[in-house]
Amino acid sequence: MTIFVEKGDITKLSCDAIVNPANSYGYMGGGVAGAIKRVGGTEIEKEAVANAPISIGKAVATTAGSLPCTFVIHAPTMKQPAMRIDVENVEHATRAALEAALDLNIKSIAFPGMGTGVGGVPPVEAANSMIKIAKQFENKFEKIIFIGIDDELVNSFKKFL
């Protein structure tokens, strides 16, 4: 088995890369992005902004600062910070992150709920789309981790696994 679901904090995971459900400008204000910046350091945001604009459907990797992973893959789910989005953006961002990971020869990658915070996508819809995309890539990775801080998201991931 390649795909795993965990309850916990993505900023504490030791893996090759974690995914930031970014905005196209690379600004890391709140939600998962804000947590990544707080724990990993502001250099992560500076690198992301230097690579902006990042189109939805594309992703860029930055260093991970003081996080226990090697890379942060910034995969925009929205153009503007704090935009409401639909589930198609989640699908595009998930695929883009996995493709970027392949380009970096990454073996383990962790995803939070993409678009489930300020994006407003219901966790069950995001989880369905994310797991569906991940299954198309599972033979190319040793480990794809879906992690959530709350039971609703974790149970949604488990439902579609």
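Structural remarks
- Search result, residues across region 74-88 that are under 19 Å from residue 135 (Cα atoms) and either among the charged types (D, E, K, R) or under 12 Å from the mean Cα position of the chain (by Cα) (or both): 75, 88
Here's the yes/no breakdown for (1) in contact (Cβ under 8 Å) with a residue 60 or more places away in the chain; (2) under 17 Å from residue 33 (Cβ atoms); (3) not charged (D, E, K, R):
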| site | (1), (2), (3) |
| --- | --- |
| 78 | no, yes, yes |
| 91 | no, no, no |
| 122 | no, no, yes |
| 140 | no, no, no |
| 144 | yes, no, yes |
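- Residue within region 104-111 that is of a type in the set (Lys, Arg) and free of Cβ contacts under 8 Å to residues at least 40 places away in the same chain present: no
Condition check ((1) touching a strand residue (DSSP E or B) at 6+ places or on another chain (Cβ under 9 Å); (2) part of a loop (DSSP other than H, G, I, E, B)) across all residues:
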| site | (1), (2) |
| --- | --- |
| 94 | yes, no |
| 98 | yes, no |
| 105 | no, yes |
| 110 | yes, no |
| 114 | yes, yes |
| 118 | yes, yes |
| 121 | no, yes |
| 126 | no, no |
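- Residue in region 2-12 that is in a helix (DSSP H, G or I), surrounded by fewer than 22 Cβ atoms within 10 Å (Cβ to Cβ) and of a type in the set (Asp, Glu) present: no
Every number here is computed from the coordinates shown, using simple stated rules; none is lab data. Worth saying up front: this structure is predicted, and the values here are computed from it rather than measured. Every residue, glycine as well, gets a Cβ built from its backbone with ideal geometry; the counts of neighbours run over all protein chains shown.
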